[in-house]
Amino acid sequence: MLPTITRQGRLIPWLYLAPALVIMLIFVVFPVFNTISLSLKDKTSTRSAEVSCVAGEPCWGKLENYRYALTNPEMTQALRNNARWLILMVPGTVIVGLLFALLADRVPYESLAKSIIFMPMAISFVGAGVIWRFVYHIESGGGEQIGLLNALLVRLGASPVAFLSNPAINNYALMVVGVWLWAGFCMTVLSAAIKGLPSEVLEAARVDGTNEWQLFWRIMLPMIAPTLLVVTTTMVINVLKIFDIVFVMTGGNFGTEVIANRMFKLIVTDTGRSMAIAVLLIVLTIPLVLFNVYRFRLQEREE
Amino acid sequence: MKPFSRLNHILRNLPVHLALIIMCLLWILPTLGLFVTSFRSREAVRASGWWTILQREQQPGQAGYETYCASCHGPRGDALAEADLSDPALIAKYPRANRLLPVLKQEINGMPHLSDPALPENPKDALDTLTPIVTYLQTLSGESDQTARLTLRNYADALVGYKGTQDYITDCQQGTASALAKFRCDASDLLNPEGMGRAFINTLIVAIPSTILPVFFAALAAYAFAWMDFKGRQWLFAILVGLQIVPLQMTLVPIARLYVSLGMADTFLGIWLFHTGFGLPYAIYLMRNFIGGLPREMFESAYIDGANHWLVFLRMVLPLSLPAIASLGIFQFLWVWNDFLVAKVFLATHPVLTVQVTNLIDPRGGNWHILTGAAFLSFIIPMIVFFAFQRYFVRGLLAGSVKG
C-alpha cells in the first residue's frame, strides 16, 4: 500500500519517532503505572495502604485508599455532586446548544451570534469563574448590590441571595456557569451536523406539509442522533473531570465538592488517597472515551 | 422578492430573532460586566453596579444650579458674556458660599439678582442652598478636578500587583511609604512577581515552546507513520492514539516527584515537556490523518527525483500541512494559555496568568476593580487568537473533542 520507494533502512523511521516516543513514555505511560502503584500506598508512599487501617473499623487491605474514595463522606458528597452535574448540566448544555444551533441556522447574522455563544470557550475556566463570581456577588454589609443578579432581585423587591455559599442552590449556580461555558461547543458540533443534513429530505418533508415541529422531532432529531450521542459523551467526560470552575468559585466549600477538586486537595497531604481518586476518575472515563473514539472513527469512515 | 413578502418573512421569523437576540445578550452580559467594571474606579465599583455607567449621573449641586442660575447663565454657565460662570478666574473669587451670597444680594439694574425663585430669606438656609451650587460651579469651570468616570488605573494596579489602600499611580505620585517599600515606581515594577505583567511574560514563556514542541514532534512521528514502512507501524499508532484517554490527573504526581528528584521542579523546561507529552497523542493522531491524506504521486515523484526523507519532510510535508498545523497549534496554544492545574502544580514560583488571577481573588470581594482588570488582561491574547483564527480554532476543537 505504501509506494515501494518509501522502503528505507530499519533505523530511519525510529529516528523520526524517537522524540515523540521517548517523551510519551516518560510523561504518559510511566505516570499511569506509577499512579496505580501509588494508589496502593499510604500517605508516605512507602508503606502499603493497609497500615492506615484502624482496628475494629472496615478495612479493604491494600485497597484501603479505594475504600476512602468510594465510601468516605467527603467523597460520597463529591460523587453525588458529580452525579448531579451529570444529570442536570449535561442535558442542559446539550439542549441549549441544540437550541442555539437551530435558531442561528435561520438568521442572516448566524456567524456573529455563534461567535458570541462560542466566545466563553476561548477564555480560561479561571477567568469564567471570576466573571461569574462577580455576577453572583452579594453585598452583605448593607451597601448597594453590585452583583448583577442580586441587584435584579433587590430591584424586584426580593432580598439578596448568597448564590455561592447557600448549599440549597450553590451547586445549581455553578452548573449555570458550566452551561454558559460549554453551550458554544455543543452548538458548534450540532450545527455542523444540522448543516450536513441532505436538503432534499427536508424539502420533501416540507412539501408534504410537515410542520417545523414535526420536521424537527421526526426527521432532524433521528438524523443527528449519532452526533448528539458524541456531544453528550464528551460532555459527560468534561463533567466528570470538572475542576477549575469549582476551585475558583467556591473551592469545593459549602457542599460543592467534586471528585477532581478532592483529588487536587489531597495531592500533597495524602498522595495515596489522591491517586486512588485519580484512578477512579480514569476508570469512570475510559469507557466513554473509547466509545467516543469508536464513534468518531466510524463517522470518518462514512465520510 | 417583493417587498411585502420580504416583510412577511421577517415578521414570521420574529420569534426566532427575538429568542436568539435575547440569548446572545444573556451570554455576553456577564463578560460585559467584567469589562466595564475593570475601567471603573474603586469607589465607583463599590458604590454602584456597573450597569449604572449608562445613567447620567447627577453632580452634587447640579439640581440647585438648574433651579436658580440656569435660566440666565445657561446650562453650561457661559450664556452671559459679562458673567461667564465657566471662567475659572471668576469662580476662583468665590471659593465659599458666604463669599457668593453678598454678590447675589446686590441688585442688577434695579432688579434682584435672584427673583424667580428667590433664595431663602434666612441667611443660614440661603448658605445651605448655595454650598452645593458653589461646588457645582467649581466643577463646571474646571476649578476642581472632576474625578474621571472611566480610569485605566485598575490595569496599572493589576499589572504591577498593587494591593494598597489607594491606587498604585496615586501612591507613587504622593510617595506613600508603604508603596515605596515594595515598589520602585518605575518600569521595573512591571516585573513584580505578584503582578499580571510578570505573569503575562511567564505565560508567554510557557505557551510558545509548549505549542511548537508537540506540533513539531508530532509532525515528525506522523510523517513516519504515514509514509515510512516499518514493523509494528499499525499497532504502535493505535497505542499512541489510545493514550489520549489518559486524563491529566493521572500524570501529575509521578511527574512532580520525578522533577523534584531531577532538580527540575518549578522550571520552565519541566512544564514545556509536560505539556508536550500530554499534547502529543492527540497531535500525532491529527497530523497523521492530515499527512496521510497528502497525494501519493507527489511523494513518489519526489523520491524518484532523489529527494531523501528529511528533505521531503522539510520542504514538502511541513509547508503543505500548514492548515493542520494551524488548527493544532491554535488549539494547543489556547489550551496551554488557559491551563490552570498544570501551572499550579509545576510552576508555583513563576505564576502564569490563570494562577495569578486566583491569587488576586479576595474572598470578601473587596478588590473587584483589580480582579476584573487582571482577568481581562488574561483574556486579551485568547480573544485575539479566537477572533482572528476562529475557523482554525473551531476545527481543532471539533477534532479534539474526543480527547480524554
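Read-outs throughout are calculated quantities, based only on the coordinates presented, and are distinct from any laboratory measurement. Every value quoted in this text rests on a predicted model; they were computed, and no experiment measured them. So basically every Cβ, Gly included, is an ideal-geometry build from the backbone, and we count neighbours across all protein chains shown.
From Cα pairs below 8 angstrom and at least 6 apart in sequence, can you work out the relative contact order of chain B, rounded to a whole percent? Show your work: numbers first, answer last.
On the way: 380 pairs, mean separation 83.2, N = 404.
Dividing the mean separation by the residue count of chain B yields 21 percent.
Per residue of A:183-190, how many C-beta atoms from partner chains lie within 10 Å of its own C-beta, taken as a mean?
The per-residue average across the peptide is 2.
Give or take rounding to whole Å, what are the principal axis extents of the alpha carbon atoms in the stretch B:178-331, in descending order?
73, 34, 24
What is the mean projected area of the alpha carbon convex hull for the stretch B:217-287, to one decimal in square nanometres?
Over all viewing directions, the stretch B:217-287 projects a mean Cα-hull area of 5.4 nm².
Find the lysine pairs in chain B meeting two conditions, Cα atoms under 24 Å apart and a separation of 8 or more places or different chains, and report how many there are.
Within chain B, the lysine pair count is 6.
Using the C-alpha atoms of the stretch A:48-302, what convex hull volume per residue, in cubic angstrom, is computed?
Hull volume over Cα atoms, normalised by residue count, gives 184 Å³.
With +1 on each Lys and Arg Cβ and -1 on each Asp and Glu Cβ, how big is the dipole of the protein assembly as shown about its Cα centre, in debye rounded to the nearest 20?
Computed about the Cα centre, the dipole is about 2200 debye.
Short version: what are the Cα gyration tensor semi-axes of chain B, square root of 5 times each eigenvalue, largest first, in whole Å?
The equivalent ellipsoid of chain B has semi-axes of 65, 29, 18 Å.
Of the listed peptides A:122-128, A:98-104, what is their order by residue-averaged count of other C-beta atoms within 10 Å, with the highest listed first?
So the peptides A:122-128, A:98-104, ranked by packing, come out A:122-128, A:98-104.
For the protein assembly as shown, build the charge dipole from Cβ charges (+1 Lys, Arg; -1 Asp, Glu) around the Cα centre, then report which of A:I237, A:V258, A:L190 sits farthest towards its positive end.
It is A:I237, whose Cα lies furthest towards the positive end.
Could you work out the Kirkwood radius for the stretch B:257-404, taking every pair of different alpha carbons, averaging 1/r and inverting it, reported in Å?
18.3 Å
Note down the magnitude of the dipole of chain B about its Cα centre, charges +1 on Lys and Arg C-beta and -1 on Asp and Glu C-beta and zero elsewhere, to the nearest 20 debye.
Values: 30 positive and 27 negative charges, 349 e Å.
With only Lys, Arg, Asp and Glu charged at Cβ, the dipole is about 1680 debye.
With helices defined as uninterrupted DSSP H runs, which ones in chain A have an alpha carbon span along their own long axis of at least 15 Å and mean Kyte-Doolittle hydropathy of at least 0.0?
A:11-24, A:90-104, A:125-136, A:170-195, A:221-240, A:259-269, A:271-302
State to the nearest 20 debye the size of the charge dipole of chain A about its Cα centre, where the only charges are +1 on K and R beta carbons and -1 on D and E beta carbons.
Values: 23 positive and 19 negative charges, 143 e Å.
Roughly 680 debye for chain A.
Round to the nearest 0.05 the FRET efficiency obtained for B:L80 and B:E43 when R0 = 35 Å and r is the Cβ-Cβ distance. If you can, show how the numbers build up before the last one.
On the way: r = 35 Å, r/R0 = 1.00.
The pair B:L80/B:E43 has a calculated efficiency of 0.50.
What is chain A's relative contact order, in percent, from Cα pairs under 8 angstrom and six or more apart in sequence?
25 percent
Based on the alpha-carbon gyration tensor of the stretch B:3-54 and its eigenvalue square roots a ≥ b ≥ c, which shape applies: rounded if a/c is under 1.5, prolate if not and a/b is larger than b/c, or oblate? Provide the component values of the computation, followed by the final result.
Details: a/c = 5.04, a/b = 3.68, b/c = 1.37.
It is prolate, given that a/c is not under 1.5 and a/b is the larger ratio.
What does the structure give for B:356-365 when I average, per residue, the other chain Cβ atoms found within 10 Å of the residue Cβ?
Numbers: counts 1, 6, 7, 0, 1, 7, 0, 3, 2, 9.
Per residue, the average neighbour count from other chains is 4.
Modelling each spin label as a point 7 Å along the Cα-to-Cβ direction, I'd like the B:T267/B:L152 distance in nm, to one decimal.
Label-label distance for B:T267 and B:L152, simple model: 3.9 nm.
Once label points are set 7 Å from the Cα along Cα→Cβ at both A:T46 and B:T52, what is their separation, rounded to one decimal in nm?
6.2 nm
Considering only A:T269, A:G178, A:F216, whose Cα is most displaced toward the positive end of the charge dipole of chain A, charges sitting on Cβ of Lys, Arg (+1) and Asp, Glu (-1)?
Farthest towards the positive pole: A:T269.
Counting other C-beta atoms within 10 Å, and keeping those with at most 15, which DSSP coil GluC sites (Glu not before Pro) do you find in the stretch A:124-226? Don't skip to the answer; put the middle values down first.
Values: sites: A:E139, A:E144, A:E200, A:E203, A:E212; in loops: A:E139, A:E144.
For GluC sites (Glu not before Pro) across the stretch A:124-226 that sit outside H, G, I, E and B with at most 15 neighbouring Cβ atoms in 10 Å, the list reads A:E144.
Is the shape of the stretch B:62-141 best called rounded, prolate or oblate, per the rule: a/c under 1.5 gives rounded, else a/b larger than b/c gives prolate, else oblate, with a ≥ b ≥ c the square roots of the Cα gyration tensor eigenvalues?
On the way: a/c = 1.42, a/b = 1.17, b/c = 1.21.
Here the stretch B:62-141 falls in the rounded category.
Extending each Cα 7 Å along its Cβ direction at A:N166 and B:W310, get the distance between those two points in nm, one decimal.
6.8 nm
Using the alpha carbons of the protein assembly as shown, what is the convex hull volume per residue in cubic angstrom, as a whole number?
About 268 Å³ per residue, rounded to a whole number.
For A:K41, list the lysines whose Cα falls under 18 Å from its own Cα; do not include residues on the same chain fewer than 8 positions away.
Output for A:K41: A:K62, A:K265.
Which one, B:M23, A:I131, A:L228, is farthest towards the positive end of the dipole of the protein assembly as shown when Lys and Arg carry +1 and Asp and Glu -1 on their Cβ?
A:L228
Over the stretch B:19-88, with a single point scatterer placed on each C-alpha, what log10 of the ratio I(q)/I(0) does the Debye formula yield at q = 0.15, 0.28 1/Å?
At q = 0.15, 0.28 Å⁻¹ the computed log10 ratios are -0.71, -1.17.
Average partner chain C-beta neighbours within 10 Å, per residue of B:216-228?
Taking all residues of B:216-228 together, the mean is 5.
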